[in-house]
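All remarks here apply to the structure that follows.
The values are calculated or read from the model by the stated rules, or taken from the named source; none is laboratory data. In this text the structure is predicted, and so the values were computed from the model without any measurement. Methodologically, a virtual Cβ is constructed for each residue, glycine included, from the backbone with ideal geometry; neighbour enumeration extends over all protein chains shown.
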Amino acid sequence: MHPRVLQVTQRLIERSQPTRHAYLAQMQAAASKGVVRGTLPCGNLAHAMAACGSGDKEQLRLMNQANVGIVTAYNDMLSAHQPFEHYPDQVRSAVREMGCTAQVAGGVPAMCDGVTQGEPGMELSLASRDVIALSTAIALSHNVFDAALCLGVCDKIVPGLLIGALRFGHLPVIFVPAGPMVSGLSNKEKAAVRQRFAEGKASREELLEAESQSYHSAGTCTFYGTANTNQMLVEVMGLHLPGSSFVNPGTPLREALTREAAQQACRITALGSDYRSMASIVDEKAIINAVVALLATGGSTNLTLHLVAIAQAAGIQLRLEDLAELSAVVPTVARIYPNGQADVNHFQAAGGTAFLIRELLAAGLMHEDVNTIVGHGLSRYTREPFLRDGQLVWREGASNSLDEAVLRPVSRAFTPEGGVRLMQGNLGRGVIKVSAVAPEHQVVEAPCRVFDSQQALAEAFKRGELERDIVAVVRFQGPRANGMPELHKMTPYLGILQDRGFKVALVTDGRMSGASGKVAAAIHVSPEAIDNGPLRFVQDGDVIRVDGARGTLQLLVDDAVMARRSAAPAPQGEGVGCGRELFAFMRESMSSAEHGGSCFSAQLGALR
């Protein structure tokens, strides 16, 4: 093992000892109760199986075969989740072959960030993660299940499912993906049309046609944003079947993997001899493996929020320093849009997760000594699934990358460091995704222009007010201010300015989409402006230095000058309409971005 990985892991174990011990004790107490439905009063049990067929009712009465709870994020507006419509029938059929049963325990909300980008609904996005966690807990609280399957893919949905399911960590839990849509219009062409539209050089009809050719069928969007980063990390954590993340929907292999996931859930319950609880899988080493995968692939910065919150749900106290220290030694070995031109289908064809995990294990950057849903040892995930005479089998994955423009061995990495870097200085602490930014654009020192919304920035651009070297400050966008919406709509405008030869950077307490890149962006800045963080005192014309190479974020204004300034007023009349007023109580209780932007941090004992 690499000494830095061991050092960070050991520090995480020591830091988490009180909360992790309490979590495991809670899970052990729940597990010791055995098959809970066997202790339910007859009326309760009758309600639980009233709608089942006679065969399933007989199995549920016997208590010696597994009942699998399905928590689904199905809706047919999200392309990634539309395939889940038929999964419950596939699951029920598969488990019945083993004499077991399955029931849809509940559904969770699943909003599409692609639909809500730049719209009021986006302010509900981060809060939806915690709502999904609550919904998952409600589904599993019926306490009649021996295992659970979680059906989810996209941005806040998988983190929410993980947080909720971890509170039932005495159960085996398997995550079942749907897979990416097949490749459509290239990401480079799509981005070019977006930028031309922002400049007024393309019509709305041209833009819509380009977007429709890119997002064109069932399945996950093919760029390496938050949804596909979720899939990568869940597989690395040992909660997917090996090699199942990026198999396209509607294929025989995809259906075979879904059926196998259902049957594997039955095999690893406490009723048998191969019990594998979720709590025993998601430990400190698994979290470190997920961080390494995030860094090595240049994954979505949203996961720097989500991994902290997910770890908290398992009693593990992950910090930004852990990510930063690992980023210094984990090389970037994948280039998937927005870090390159390839999409996840190209990544899969080049060798996929099997090759990636093999390389990172061989370099000592990942822990092999971990539990997974298919057995002990992460080396089980260097295999890939295929069909032989219609039967699902696994073989060793590619030992060499089939396209080094997309996926490389550690010995020939794209860069020697990871894709995400900690930013800190007198403006606070945040992160930057340097893997998506060319080296010549990673350091910007320029006068700033301050905005309280991304719409205000767009309007200033259209008025021609930003034609210069600029650091755009967009504040009051943090978890407590307005729910921390993604600010993806600014990307084309800032990209245009950079293409015109100006030095451009962004500083914000908000989030950027997992698809954003190109321009140096210090994001998730904490403390946020609404909590009187330094961003609240910045004024137009102040010089700011954003140094992504060194990880520094500095306001070049004398301390004495800053001490005389008053706090800028917060925007008024925000947070109303489109249901946002219902979430005011959640915004008030959210932790900082650095601590996961979660309503649950205090309840789960997050250390400060």
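Tell me, yes or no, whether the range 182-205 has at least one residue that is at pLDDT below 95, closer than 30 Å to Gln263 by Cα and either outside the structural domain of Gln341 (by TED's automatic domain parsing) or surrounded by fewer than 24 Cβ atoms within 10 Å (Cβ to Cβ) (or both).
yes
I need the full set of residues from the range 30-48 which are in contact (Cβ under 8 Å) with a residue 24 or more places away in the chain, part of a helix (DSSP H, G or I) and not charged (D, E, K, R), in order please.
Ala30, Ala31, Val36, Gly38, Leu45, Ala48 - these are the residues of the range 30-48 that are in contact (Cβ under 8 Å) with a residue 24 or more places away in the chain, part of a helix (DSSP H, G or I) and not charged (D, E, K, R).
Quick one: would you say Ser601 is modelled with pLDDT under 90 and hydroxyl-bearing (Ser, Thr, Tyr)?
It is true that Ser601 is modelled with pLDDT under 90 and hydroxyl-bearing (Ser, Thr, Tyr).
Which residue is farthest from Val473 (Cα to Cα), if the candidates are limited to the range 544-566 and must be of a type outside the set (Ser, Thr, Tyr) and part of a strand (DSSP E or B)?
To start, the set of residues in the range 544-566 that are of a type outside the set (Ser, Thr, Tyr) comprises 544-551, 553-565.
This time we only want the ones that are part of a strand (DSSP E or B), so: 544-547, 553-555.
Details: Ile544: 10, Arg545: 12, Val546: 11, Asp547: 15, Leu553: 12, Gln554: 13, Leu555: 11 Å.
The residue in question is Asp547.
Select, from Glu97, Glu58, the only residue that is over 32 Å from the mean Cα position of the chain (by Cα), more than 15 Å from Asp146 (Cβ to Cβ), surrounded by fewer than 19 Cβ atoms within 10 Å (Cβ to Cβ) and at pLDDT 95 or above.
Result: Glu97 is the single residue among Glu97, Glu58 that is over 32 Å from the mean Cα position of the chain (by Cα), more than 15 Å from Asp146 (Cβ to Cβ), surrounded by fewer than 19 Cβ atoms within 10 Å (Cβ to Cβ) and at pLDDT 95 or above.
Examine the range 371-390 for a residue that is at pLDDT 95 or above, out of contact with any helix residue (DSSP H, G or I) (no Cβ under 8 Å at 6 or more places or on another chain) and either part of a loop (DSSP other than H, G, I, E, B) or more than 22 Å from Val291 (Cα to Cα) (or both), and state whether such a residue exists.
yes
Are any of the residues in the range 470-478 surrounded by fewer than 24 Cβ atoms within 10 Å (Cβ to Cβ), more than 23 Å from Pro338 (Cα to Cα) and out of contact with any Gly (no Cβ under 6 Å at 6 or more places or on another chain)?
Within the range 470-478, one or more residues are surrounded by fewer than 24 Cβ atoms within 10 Å (Cβ to Cβ), more than 23 Å from Pro338 (Cα to Cα) and out of contact with any Gly (no Cβ under 6 Å at 6 or more places or on another chain).
What is the number of the single condition among (1) surrounded by fewer than 20 Cβ atoms within 10 Å (Cβ to Cβ); (2) at pLDDT 95 or above; (3) under 30 Å from Cys599 (Cβ atoms) that Glu465 does not meet?
(3)
Inspect the range 67-84 for any residue being part of a helix (DSSP H, G or I), in contact (Cβ under 8 Å) with a residue 60 or more places away in the chain and within 24 Å of Phe168 (Cβ to Cβ) and give the result as yes or no.
Yes.
Suppose the filter is in contact with a strand residue (DSSP E or B) (Cβ under 8 Å, 6 or more places away or on another chain), farther than 30 Å from Arg335 by Cβ and of a type in the set (A, V, I, L, M); does Val543 pass it?
Criteria met by Val543.
Do you know which of the residues in the range 363-398 that are buried (at least 16 other Cβ atoms within 10 Å of the Cβ) and β-branched (Val, Ile, Thr) is farthest from Arg267 (Cα to Cα)?
That would be Thr382.
Conditions tested, residue by residue: (1) in contact (Cβ under 8 Å) with a residue 12 or more places away in the chain; (2) part of a helix (DSSP H, G or I); (3) outside the structural domain of Tyr224 (by TED's automatic domain parsing).
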site: Ile530; (1), (2), (3): yes, yes, yes
site: Pro571; (1), (2), (3): yes, no, yes
site: Glu574; (1), (2), (3): yes, no, yes
site: Gly577; (1), (2), (3): yes, no, yes
site: Leu582; (1), (2), (3): no, yes, yes
site: Met586; (1), (2), (3): yes, yes, yes
site: Ala602; (1), (2), (3): yes, no, yes
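Report those helices (runs of 4 or more DSSP H) wholly inside the range 134-221 carrying at least 2 residues which are touching a residue at least 12 places away in the same chain (Cβ under 8 Å) and touching a Ser or Thr at 6+ places or on another chain (Cβ under 8 Å).
157-166, 187-198
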